[in-house]
Amino acid sequence: MKLRNLFLIYVLSLFPWVLSAQEMTKDDSLRHQTDSLVNSLRSQVQELEMQRILMSEQLAKTGNSLREDSLAKAIRKARIDSLRKLTPGTPLVVEDDTLFSIYARRGGMLPTNRAKEASEKIVELGHRLKFFTDSVYVYEGELTTDIMVGEAVIFSVTDNDALWENTTRQELASSYRDIIQKKLEKLHAEYGFQQKLKGGLLVVCILVAQVLLIWLTNWFYRRWRIRLARKLLRQARPISIKDYEVLNVHRQGRVFLFSFNVLRWLVIAVQLLFSIPLLFSAFPETKSLTYRVFGYIWNPFTDIIGSVVGFLPNLFKIIVIIFCFRYLVRGIRYLLNEIAVGNLKVNGFYADWAQPTFVIIRVLCYSFMLVMIWPLLPSSNSEVFQGVSVFIGIIVSLGSSSIIGNVMAGMVMTYMRPFRIGDFIKFGDTQGFVIEKTVLVTRIRTRKNEVITIPNSNLMTSQTSNFTFAAQNYGVIVHTKVTIGYDMKWEVIRDLLLAAAKATPHIVRKPEPFVVVTALDDFYVEYEVNAYTHKPEQLSLIYSELHQNILDNFHQAGVEIMSPHIFAHRKDLELQIPKEQQK
């Protein structure tokens, strides 16, 4: 086109000289017409020359732009090659299958959104019951090349996409179209009408088989449970531990029937464990649920087995720790038992301290053992485990303050030795024998055979009298008072009281009884007789016998036991003494 225009301009430039030669041979009449024609041709030549100049300038600009475009593309390609090493691109993934990668934007749409949108469209088309894969075609646009199905656009290829792949837009769209078409064919083969029909038939077969298995399981259960129970009971013997009968024959039969019923449900559960995942695997849409449902059942077992296997090293450590502490406690028990029975004597350590000391040492040993085992337990370092431990500790500390107080009081009294089991003690208004001592309470049996339970903290903070200890070491003094008027000589009263004391059973001769005058009141004299006994458990009877003897002696001696408050003549008044004992 360019050469043809230049040749035309050259021919037109020579055309005036040819006309001038022809004019010289013609008549002058034609000169005027020729000049007009020449002028017209000249103006056309000028216009053509102007167009040539403009065209040359335009060609120069076009060449420069083309060179600039090619240079820009080269620079862009070099940059993209360097970016490709660092940018992995966004893969277009359809059901775990990567078709290709997207690197460039499309307008304001990110590669991630482009891949997501294309994947959803491919999946939607592939899941149709009826689909013709040959309907996928490429549509060439001004700025993009679209891969389409009918009027729906699956994916649009831009110049930047082609630049990233070092190819043209049309070639890249064609290759993408083949990839997408193959994937659609594969999806249609998996999710098409034939596959749905096969899945439906498989579901029906699985349901029929499962119903049949459940029927057979129940039939076997109903047929054999009574037969097996009778056969077992014919050979069964009662299960006993020492004198306690744990399971008699009747209970064994009930346990067997219950266990057999549990076995039936376990068999049905195992059947469902396999049949339910098979139902979900019949259709590709629900195949992922197969592994999820199976995982709900299987994962707990695997987790438990994995936890048990991982816990085995710590379990061996715990067994060794328990073994060592167990035999340590046994050794301590042996030594303290020897002290308790008197085979081993330790200065300053009483035999009755042996059992409570063993209890304290055992608690300390097991506490230290628990401290050593605690970090080895599963999840002992978790915040939940620690939080629950702290919560339990707070609850125990807040709710057991009185219990801890009684325990501490019981420990202190054990080593203070205020009384022992069997001692006759007095606590407040309560007197009785100590029949039990624990870390929390002490139980006392009174003379009336009433068992009174007293918290150790109360005993610790109150006064307690131990008659048994005093009787064994010094003797318990039995004492009683009488008030006699001033008209009787004190020697007579003394002799009568001493005679009554010596005649009382369980009163010892050494030390001898004695009488003291405790008060000289306005109207009478107060006498107190004191005698020793080593039988504190018989105090009630001793006091009763002593009082009886005092009455008999005073009446036989003609002495009235009364406290006069006034003086009066008693001519007509009878003596306050039994008549048979009056002289």
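The values are calculated or read from the model by the stated rules, or taken from the named source; none is laboratory data. Since this is a predicted model, take the numbers as computed values, not measurements. Cβ: placed from backbone, ideal geometry, glycine included. Neighbour counts: every protein chain shown. Calculation scope for accessible area: heavy atoms of the full protein, side chains included, ligands and nucleic acids excluded. Shrake-Rupley method; radii C 1.70, N 1.55, O 1.52, S 1.80 Å.
Within region 475-500, track down each residue that is open to solvent by 20 Å² or more (accessible area, probe 1.4 Å) and either closer than 19 Å to residue 540 by Cβ or free of Cβ contacts under 8 Å to residues at least 40 places away in the same chain (or both).
Once the filter is applied, which keeps residues that are open to solvent by 20 Å² or more (accessible area, probe 1.4 Å) and either closer than 19 Å to residue 540 by Cβ or free of Cβ contacts under 8 Å to residues at least 40 places away in the same chain (or both), region 475-500 yields 477, 479, 480, 481, 486, 487, 489, 490, 491, 494, 495, 498.
Can you confirm whether region 511-531 contains a residue that is touching a residue at least 40 places away in the same chain (Cβ under 8 Å), of a type in the set (Val, Ile, Thr), open to solvent by 50 Å² or more (accessible area, probe 1.4 Å) and in a strand (DSSP E or B)?
Looking through region 511-531, none of the residues is touching a residue at least 40 places away in the same chain (Cβ under 8 Å), of a type in the set (Val, Ile, Thr), open to solvent by 50 Å² or more (accessible area, probe 1.4 Å) and in a strand (DSSP E or B).
When region 337-360 is examined, which residues are found to be out of contact with any strand residue (DSSP E or B) (no Cβ under 9 Å at 6 or more places or on another chain), without any contact (Cβ under 8 Å) to a residue 24 or more places away in the chain and among the hydrophobic types (A, V, I, L, M, F, W, C)? Before you say what the answer is, go through the steps one by one.
Residues of region 337-360 that are out of contact with any strand residue (DSSP E or B) (no Cβ under 9 Å at 6 or more places or on another chain), as a first pass: 337-338, 340-355, 358-360.
Next, from what is left, pick out any that are without any contact (Cβ under 8 Å) to a residue 24 or more places away in the chain: 337-338, 340-349, 351, 354-355.
Of everything in region 337-360, those that are out of contact with any strand residue (DSSP E or B) (no Cβ under 9 Å at 6 or more places or on another chain), without any contact (Cβ under 8 Å) to a residue 24 or more places away in the chain and among the hydrophobic types (A, V, I, L, M, F, W, C) turn out to be 340, 341, 344, 346, 349, 351, 354.
In the set 304, 268, 321, which member is open to solvent by 70 Å² or more (accessible area, probe 1.4 Å) and among the β-branched types (Val, Ile, Thr)?
The match here is 304.
To keep it simple, each residue is scored yes or no on (1) among the acidic types (Asp, Glu); (2) within 41 Å of the chain's Cα centre (by Cα).
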{"site": "370", "(1), (2)": "no, yes"}
{"site": "375", "(1), (2)": "no, yes"}
{"site": "412", "(1), (2)": "no, yes"}
{"site": "423", "(1), (2)": "yes, no"}
{"site": "447", "(1), (2)": "no, no"}
{"site": "450", "(1), (2)": "yes, no"}
{"site": "462", "(1), (2)": "no, no"}
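Looking only at region 248-262, decide whether some residue is of a type in the set (Lys, Arg), out of contact with any Phe, Trp or Tyr (no Cβ under 6 Å at 6 or more places or on another chain), loosely packed, with under 11 Cβ neighbours inside 10 Å and farther than 29 Å from residue 294 by Cβ. It would help to see each step written out before you state the result.
Keep residues of region 248-262 that are of a type in the set (Lys, Arg), which gives 251, 254.
Those still in the list that are out of contact with any Phe, Trp or Tyr (no Cβ under 6 Å at 6 or more places or on another chain) too: 251, 254.
Checking the rest, the ones that are also loosely packed, with under 11 Cβ neighbours inside 10 Å come to none.
No, region 248-262 has no match at all.
I'm trying to understand the selection: among the residues of region 331-380, which are more than 22 Å from residue 415 (Cβ to Cβ) and modelled with pLDDT under 80?
Correct list: 378, 379, 380.
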